[in-house]
1. Starting from the stretch 44-63, keep only residues that are modelled with pLDDT of 95 or more, then list their pairs with residues that are among the small types (Gly, Ala, Ser) whose Cβ atoms are within a distance under 6 Å, requiring at least 6 positions of separation or different chains.
2. Is it fair to say Phe97 is under 20 Å from Ile30 (Cβ atoms) and assigned to a loop (DSSP other than H, G, I, E, B)?
3. Within 14 Å of the ligand (Cβ to nearest atom), of a type in the set (D, E, K, R) and open to solvent by 60 Å² or more (accessible area, probe 1.4 Å): which single residue out of Arg146, Arg134, Arg164, Arg124 fits that description?
4. In the stretch 20-34, what residues are under 19 Å from Arg128 (Cα atoms) and either crowded, with 18+ Cβ neighbours inside 10 Å or in contact (Cβ under 8 Å) with a residue 60 or more places away in the chain (or both)?
5. Give the residue, chosen from Lys104, Lys71, Lys80, that is exposed (fewer than 15 other Cβ atoms within 10 Å of the Cβ) and closer than 20 Å to Ala50 by Cβ.
6. Tell me which of these Leu114 doesn't satisfy, since it passes every other one: (1) within 13 Å of the ligand (Cβ to nearest atom); (2) in a loop (DSSP other than H, G, I, E, B).
7. List every residue pair whose Cβ atoms lie under 6 Å apart, where the two residues are 6 or more positions apart in sequence or sit on different chains, the first residue falls within the stretch 120-147 and is of a type in the set (Ser, Thr, Tyr), and the second residue, located anywhere, is open to solvent by 50 Å² or more (accessible area, probe 1.4 Å).
8. Quick one: Gln93 ticks every box in (1) closer than 24 Å to Ile162 by Cα; (2) open to solvent by 10 Å² or more (accessible area, probe 1.4 Å); (3) near the ligand (Cβ under 8 Å from one of its atoms) bar one, so which box is it?
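The values are calculated or read from the model by the stated rules, or taken from the named source; none is laboratory data. If you're wondering where the values come from, they're calculated on a predicted model, not measured in any experiment. We place every Cβ from the backbone using ideal geometry, glycine too, and count neighbours over all the protein chains shown. The protein model used for the area step is the full one, side chains on, heavy atoms only, and it has no ligands, DNA or RNA in it. Shrake-Rupley method; radii C 1.70, N 1.55, O 1.52, S 1.80 Å.
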Amino acid sequence: MINLVFFGPPGSGKGTQAEIISHAMELKHISTGDIFRNNIKNNTELGVMAKSYMNEGKLVPDELTINLLSKELDSYNFAKGFIFDGFPRTLIQAESFDILLNEKQMPISFVFSLELGEDILVNRLLKRGVVSGRSDDKDEDIIRNRIKIYNKQTSLLKDYYINRIGESFIKINGDQDIDIISKEILLNIKRR
Ligand code: AMP
């Protein structure tokens, strides 16, 4: 089983790479952001709860997010492996995730950390907002707030994973062509 975590700030290309690599390796792609957006579209109870946080560029509360992830994992019991895109995003999520993966005997194979400077991220997200229609990509203040939250609550998980998995935490320069990044990710997976 191969389990990958795609890690990085908003706009770093996690979703794009998760999509490509999940197809190339037949892994189940789990994006907590996509699941929340689908729930908002379908007006579910979860969607109603998540919407106000997402629209302001804030994180959805941990308990809600962890429960969602846990249910999602249960519903794909027979997958060859998973790509986690946008989860975990806080220390509490990472710790709960460890417990969950341990129970399921599903070790993390690699964490790929896509690294990029803030100004490039803001420009990318503003451009994406024009085509994606995502409300959290349209306003520069909300975008900067998401990056601020990433720096405050999420980026510390780099040290957490370096301590946990050592060399299987792999930094990738996110400011390269999409296919070059995909090749670099695939090469790292195949090398081991
Ligand atoms: P993303 O599609 O990964 O950029 O996520 C979009 C939004 O969904 C985030 O700004 C959060 O509001 C929410 N979200 C997605 N994943 C998480 C998570 N792991 N923890 C908390 N909120 C999340």
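1. What qualifies is Val60/Ala50.
2. Values: under 20 Å from Ile30 (Cβ atoms): yes; assigned to a loop (DSSP other than H, G, I, E, B): no.
Answer is no for this residue.
3. Working: Arg146 fails: open to solvent by 60 Å² or more (accessible area, probe 1.4 Å); Arg134 fails: open to solvent by 60 Å² or more (accessible area, probe 1.4 Å); Arg164 fails: within 14 Å of the ligand (Cβ to nearest atom).
Every option except Arg124 fails the conditions.
4. Listed by number, the residues that qualify are Ile20, Ser31, Thr32, Gly33.
5. Details: Lys104 fails: closer than 20 Å to Ala50 by Cβ; Lys80 fails: closer than 20 Å to Ala50 by Cβ.
Exactly one of Lys104, Lys71, Lys80 is exposed (fewer than 15 other Cβ atoms within 10 Å of the Cβ) and closer than 20 Å to Ala50 by Cβ, namely Lys71.
6. (2)
7. Note: pairs meeting the criteria are Ser135/Asn55.
8. Here Gln93 clears every test but (2).
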